[in-house]
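The next block holds one structure in the form of structure tokens; read it before the comments.
The values are calculated or read from the model by the stated rules, or taken from the named source; none is laboratory data. Bear in mind the structure is a predicted one, so any value in this text is a computation, not a measurement. All Cβ positions, glycine included, derive from the backbone under ideal geometry; neighbour counts span all protein chains shown. Side chains included, ligands, DNA and RNA excluded: accessible areas come from the protein's heavy atoms. Shrake-Rupley method; radii C 1.70, N 1.55, O 1.52, S 1.80 Å.
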Amino acid sequence: MQFMIYGASGYTGKLIAEEAAALGFKPILAGRNEAKIKPLADHLGFDFKIFDLEDEKTLDAALSDITVILHCAGPFKFTARPMMQACLRTQTHYLDITGEIEIFEYAHHLDAAAKKAGIMLMPGVGFDVVPTDCLGQYLKKQLPDATSLELGFAGIGKAGWSKGTASTAVVNLGKGSAERRNGKIEIVPLGHKTLWKSFRGKKMFFMSIPWGDVSTAFHSTGIPDIVTYSGINPNQYKWIRLQKYFNWLLGMPLVKKMALSRLQKGPAGPTTEERSSSETFVWGAAKNERGDIKRARLITPNGYTLTVLSSLLIVQKVLNGKLKSGFQTPSLAYGEQLVLEVEGVIREDEN
């Protein structure tokens with residue numbers, strides 16, 4: 001059985017490839033740029049393939065003998081659709097590390113086609129959205145009649161974003177946020193809801209954002225009202241609240257092009273030391289119509305470290321034949337305990 005990492009020369013793809021080597025996997029590394037892919041493959045002792053997602057014939061040929069692909073090349077709004085379609089044609093199981101709502105919804109739209117092809121489509125096998133998806137499922141089981149769900153996370157430490165994560169944010173500039181209301185996804189202003197949470201005796205400020213669970217948590221739990229949050233400095237939030245007045249400007253191609261160009265001059269992502277010295281606080285709260293509330297939280301490694309570990313954990317399950325055909329979320333396929341299989345993750349109930 002063959003396992004491929006596409007986008008292996010990107011920040012997260014490279015981390016996954018290096019960990020795969022340490023765990024004894026033998027993936028095929030793939031991407032568009034041979035000058036970046038070949039040196040990494042040679043260094044790790046892996047085979048490699050070079051192909052573009054726009055060339056359907058070459059893409060199908062590259063996947064013809066692949067059991068499962070772990071797609072790491074974002075922004076996924078540009079790359080996920082052609083890769084999923086190729087997986088349907090070649091009967092290749094599809095995994096990716098996206099957090100983009102529209103990609104989850106697109107994969108859900110392909111559910112029947114994936115079942116017919118006998119493959120699993122599972123976007124979001126990294127920090128987006130394994131911890132939050134599993135926490136949502138856990139809370140649903142604690143409160144089966146829950147009608148609303150809040151999920152949030154905050155990084156603890158100095159590790160920042162990778163170029164890939166930041167590029168996705170730039171591509172989506174000017175689009176506001178989203179939440180689930182009565183089972184439907186609605187577009188709302190970024191940060192239109194806020195709250196404070198305490199973690200280790202420290203109060204942390206959170207604002208609502210368009211996290212992937214606006215899509216996935218609904219499919220995993222059936223809870224109709226879902227809001228997702230991210231921790232942020234309150235002073236930064238003051239500026240974000242003004243963004244709605246400038247969305248017309250932020251959405252302009254020239255502005256995005258300038259921002260993306262500037263990103264390329266920065267570091268690829270947080271260093272090993274920054275990742276190892278940071279962690280993530282993930283929390284959730286489910287509520288029913290009577291006002292009963294169940295709360296829980298997770299302490300996880302840094303988001304990029306968790307993505308490496310959780311994605312390879314799921315790859316191993318697929319290679320071992322442990323999978324469900326059709327569109328799946330992590331908790332639908334593997335249960336709410338999945339995240340606890342990742343080294344360094346702790347779950348705690350809250351009063």
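The packing ranking, built from the mean of other Cβ atoms within 10 Å per residue, places the peptides 108-119, 201-212 in the order 201-212, 108-119, highest first. Around the amide H of S177, modelled in the peptide plane, lie the amide H atoms of V188, L190, all under 5 Å away and 5 or more residues distant in sequence or on another chain. Sequence-ordered 3J(HN,Hα) estimates for segment 268-274 from the Karplus curve with 6.51, -1.76 and 1.60 and θ = phi - 60° stand at 4, x, x, 6, 4, 5, 5 Hz, glycine and proline given as x.
Sum -39500 (n - 2.57) across every DSSP H segment of at least 4 residues in the chain, then divide by the residue count to get the 222 nm mean residue ellipticity, nearest 500. So the calculated ellipticity at 222 nm is -12000 deg cm²/dmol.
Please determine, in degrees from 0 to 90 and to the nearest 10, the orientation of helix 253-263 with respect to the longest principal axis defined by the Cα atoms of the chain, where the helix direction is its Cα long axis. Compared with the principal axis, the helix lies near 80 degrees.
Full extension of the chain between K202 and D349 yields a length gain of 51.1 nm, computed as 0.36 nm times the residue separation minus the alpha carbon distance.
The accessible area of H219, taken with all protein chains in place and a 1.4 Å probe, comes to roughly 40 Å². Measure out, as a whole number of angstrom, how far apart the alpha-carbon centroids of segment 294-319 and segment 1-77 sit. About 20 Å separates the Cα centre of segment 294-319 from the one of segment 1-77.
Diagonalising the gyration tensor over the Cα atoms of segment 58-137 and scaling each eigenvalue by 5 before taking the square root yields semi-axes of 21, 14, 11 Å, largest first. Normalising the Debye intensity of segment 1-54 to I(0), with uniform scatterers on Cα atoms only, and taking log10 at q = 0.25 Å⁻¹ returns -0.91. Among E179, E341, E289, the largest mean-square fluctuation in a Gaussian network model of the chain (Cα springs under 10 Å) belongs to E289.
Amide H contacts of F48 (H built 1.01 Å from N, in plane; Pro and chain starts excluded): L29 sit under 5 Å, all sequence-distant by 5 or more or on other chains. Once the 1.4 Å probe is applied to the protein heavy atoms, the chain comes out at 46 Å² accessible per residue. Derived scalar couplings between HN and Hα for segment 125-130 equal 9, x, 4, 8, 9, 3 Hz in order, rounded to whole Hz, by the Karplus curve 6.51 cos²θ - 1.76 cosθ + 1.60 (θ = phi - 60°), x for Gly and Pro.
List the pairs from K116/K287; K77/K116; K203/K287; K140/K324; K140/K322 whose alpha-carbon separation is above 27 Å, in the order I gave them.
Details: K116/K287 37 Å; K77/K116 24 Å; K203/K287 22 Å; K140/K324 21 Å; K140/K322 23 Å.
The answer is K116/K287.
Computed over the alpha-carbon atoms, segment 104-154 gives an Rg to Rh ratio of 1.06, Rh here being the Kirkwood radius from the mean inverse distance.
Between the helical axis of 11-23 and the longest alpha-carbon principal axis of the chain there is an angle of about 70 degrees. Helix 76-90 axis versus longest C-alpha principal axis of the chain: approximately 50°, rounded to the nearest ten.
Electrostatic bookkeeping for S325 treats Lys and Arg as +1 and Asp and Glu as -1; over the other residues with beta carbon under 15 Å from its beta carbon, the sum is +4. For A296, the residues whose amide H sits under 5 Å from its own are G284, E350, ignoring neighbours fewer than 5 places away on the same chain, with H placed 1.01 Å from N.
Segment 85-128 gives an Rg/Rh value of 0.96, both radii derived from C-alpha positions and Rh following Kirkwood. Could you run the Debye sum over the Cα atoms of the chain, one equal point scatterer each and no solvent, and tell me log10 of I(q)/I(0) at q = 0.10 Å⁻¹, two decimals? The computed values of log10 I(q)/I(0) come out as -0.58.
Highest mean packing first, where packing is the average number of other Cβ atoms within 10 Å per residue, the peptides 95-107, 15-27 line up as 95-107, 15-27. Across segment 216-222, coupling constants 3J(HN,Hα) worked out from phi with the 6.51/-1.76/1.60 Karplus curve, θ = phi - 60°, read 5, 4, 5, 5, 6, 10, x Hz, and Gly and Pro carry x.
The tail of the calculated P(r) for segment 1-110 beyond 16 Å holds 54 percent of all Cα-Cα pairs.
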